[in-house]
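These notes are about the structure you will find just below.
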Amino acid sequence: HIAINNMNLLDTTPEYIFDVIVQKLLSSYIRHKSGEFYTPPFIVKRMVKEAYNFGDKVLDPCCGSGNFLIEIIKTILSSNNAYKEKIKAIKNVYGYDINPVSVYLTKINLLYLLEEKFITINQNLNITDFLFQDEENIKDDFDLIIGNPPWFTLRDIDSLNYQVKIKNLSEYLEIKPLPKNVLNIEIASLFFYKANISHMKNNGKIFFVITQGVINGSHAARFRNFKGFYNVKLWRFTRQITEIFNIDFICIFAQKTTKRVEKIDFKIPLYLFSTKDNGKKLNYFDPVNLILEKTETMVPYDVETKANKTYSKKLITNDEYEKLLPIATSKYKKLFHKGADLNPRNLIFVKFKEINNSLVKINPDIRIFKRAKEPWNKKVFMNEIIEKEYLFTVIKSTELVKFYVYDYYYVFLPLRRKNLVFDYNTLEKNAKIFYDKINTIYLDYKKESTKNKSLMDNLNRWSKLINNRQTSKIKVVYNNSGSVVNSAVVQGDFLITGDLSFFSTDNINEAYYLSAILNSPLLTDQVQIKKSSRHIFKIPFETPIKIFDETNKYHLRLADLARKAHKMSESLTLEMIKRNSDNISKIKIQAVLNKNLAHILKQIDEILNNELKS
């Protein structure tokens, strides 16, 4: 009843009624969990106008409630062609979806639109998994494939068997990313290339609404080779329009070529669309008139080959490309490593009270629940007793500012302190009891697709926890994500978490030298051009940062500037925390530091600029 009232308010046309019902009755969580983001009619209309020619054999491979099919059929019905030609054109319209409910709703929506003519298209609407159709059912002669494929990644798939099928398909389609990015494979990217290989005729067109990750994410580097495609075009939209989805998206158009070669030196036009209703919050069914604001040329900022496979880096504008410093891999790239993924945090991050010299009472650290997600967002233990020797101090990116880390955390880890070795049989009594408890919880709640056989396996995934680097007394850390690169020199017995990357060294001068460079605004500018969304990781080392040389006066000068900045940052930060107690925000700290460190950062930039160009 609520949905019907809302439909009346929206003055929804009949063919979109079930689109509204689905969006009202199914929570956004359920729809987004399955990757369903329905395309606003005003974008559908513009895409169909751009790509569809009367009589095209057209397929929406993930038709949802049928928005693209509806617009195409409305285009056919409103044309000046003869009735028989219209019927023939309607017979050339196909829709697939893996979800039976979606196909059913599409049929009802088209029944509203076509009435007695519906019989001509009913058999073209099929329940099928587009990515894994039986060979005998595949039609390979479509003029146009258009739609909005599901927006989820491999990590969102619970079924281990289906994950394996997706990995194998991505390899077959020649878009499988490097191992570190496999979990980020976008299912929509498979739709794009599967359409090319199995369903499109030569010179056929494809036009998808898709996440922006395919043009800027490292996981989509092979997707951006556009093997088998030509005439690639991108549509981007202003924030006012993308906010309808609450996720950045683009539209991508291309045509099929039988010349399956990877493009090394290519330029792609990007069209930026806005609306004349600037400032107004747009709704899904608003009759928006899209205005072409500007056209830009996009190029990959770099192309590299690994193991005979080509990887095209993030697409950037020509103007951004001109701002890039020389691109060369620093030797430090292999020396910095991601920290340990100490998850689930609700099981191991603790606050404690001493009972005696050897025992402590622990409870969950409430700080880690701020961004926790199900099922790891609950407190699962209280007032547990463990031996103090199993408490370790760790550093996260959440407390990292320019040149300083202002707080740390305690975690329970069933490891020997000296060398971080895990030996279950030699654990002290209380630690063993507690580990058994949280290990059982982990095994009960972990995903079926997670291969780890124990909590300890998960904590030490990729050997990021148990290694000599983590035991080093001098480390340089920086954040793996964010808009600005922050770095600090950390001295002492601290473990590093996976939201940071770090370098271990015995040379304190080298540590401060690297901290100076990583905190440089010049380096952040380069990273911002190259990085995808919020991810930074190894991008700083695509700039030719030189190995520290104790005899180089500029290297020593950078180290000296970083020392001064560290002292100033520590003093200012602790003073702000003391004055404001718990009310001080990291954003406020950063603002004060940026102002007070400006003169040092300027000197660092000047030296670094000369060093990188020499």
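Each peptide among 513-525, 323-335 gets the average number of other Cβ atoms lying within 10 Å of its residues, and from highest to lowest they stand as 513-525, 323-335.
Using only Cα coordinates, the Kirkwood hydrodynamic radius of the stretch 308-395 works out to 17.7 Å. Taking 0.36 nm per residue of separation and subtracting the Cα-Cα distance, full extension of the segment from Leu556 to Gln240 would add 109.0 nm. With each label modelled as a point 7 angstrom along the Cα→C-beta vector, the Tyr424-Ile197 pair spans 4.1 nm. I'd like the FRET efficiency for Lys91 and Lys259, computed as 1/(1 + (r/R0)^6) with the beta carbon distance as r and R0 of 25 Å, rounded to 0.05. E(calc), rounded to 0.05, equals 0.20. Based on the Cβ-Cβ distance from Arg469 to Glu575, what FRET efficiency comes out when R0 is 41 Å, to the nearest 0.05? E(calc), rounded to 0.05, equals 0.80. Distance distribution P(r), the stretch 459-591, all Cα-Cα pairs, bin width 10 angstrom from 0: 11, 36, 39, 13, 1 percent. Remark: the chain carries a charge dipole of roughly 1120 debye about the Cα centre, counting +1 on each Lys and Arg Cβ and -1 on each Asp and Glu Cβ. When both the stretch 347-424 and the stretch 548-614 are represented by their alpha-carbon centers, they are found 29 Å apart.
The distance between label points at Asp493 and Lys588 comes to 3.4 nm (points 7 Å beyond Cα on the Cα→Cβ vector).
Put one equal scatterer on each alpha carbon of the stretch 512-581, apply the Debye formula with no solvent term, and list log10 I(q)/I(0) at q = 0.22, 0.26 1/Å to two decimals. The Cα Debye sum returns log10 ratios of -0.96, -1.07. The Tyr162 and Lys331 beta-carbon pair, evaluated with R₀ = 51 Å, returns a calculated FRET efficiency of approximately 0.80. With an 8 Å cut-off on Cα pairs and a minimum separation of 6 or more residues, tell me the relative contact order of the chain in percent. Result for the chain is 10 percent.
Across the chain, Cα-Cα pairs farther apart than 42 Å form 35% of the total. Helix-only arithmetic for the chain: the sum of -39500 (n - 2.57) across DSSP H runs with n ≥ 4, divided by the residue total, places the mean residue ellipticity at 222 nm at -10000 deg cm²/dmol. Label positions at Asn609 and Asp506, each projected 7 Å from the Cα along the C-beta direction, are separated by 3.8 nm.
The orientation-averaged shadow of the Cα convex hull for the stretch 337-613, equal to a quarter of the hull surface, comes to 15.8 nm². The orientation-averaged projection of the convex hull spanning the C-alpha atoms of the stretch 38-322 amounts to 15.8 square nanometres. If the segment from Asp134 to Thr75 were pulled out straight at 0.36 nm per residue, it would be longer than the present Cα-Cα gap by 18.1 nm.
If a spin label sat at a point 7 angstrom from the Cα of Glu322 along the line to its beta carbon, the backbone N atoms of the stretch 526-565 nearer than 18 Å would be those of 526, 529-530. Can you tell me how much longer the chain between Asp549 and Glu304 gets when fully stretched, taken as 0.36 nm per residue apart minus their C-alpha distance, in nm with one decimal? Extra length from Asp549 to Glu304 when fully extended: 85.3 nm. A dipole drawn for the stretch 337-613 from +1 and -1 charges on Cβ atoms has a positive end, and of Asn430, Val527, Ile441 the residue lying farthest that way is Ile441. The residue among Trp376, Tyr406, Ser487 whose Cα reaches farthest toward the positive pole of the charge dipole of the stretch 337-613, with charges on the beta-carbon of Lys, Arg, Asp and Glu, is Trp376. Normalising the average separation of contacting C-alpha pairs (under 8 angstrom, six or more residues apart) by the number of residues puts the relative contact order of the stretch 337-613 at 20 percent.
Values quoted throughout were computed directly from the atomic coordinates according to the rules given, and no laboratory measurement underlies them. Computed from a predicted model, the values in this text were never measured in an experiment. Methodologically, a virtual Cβ is constructed for each residue, glycine included, from the backbone with ideal geometry; neighbour enumeration extends over all protein chains shown.
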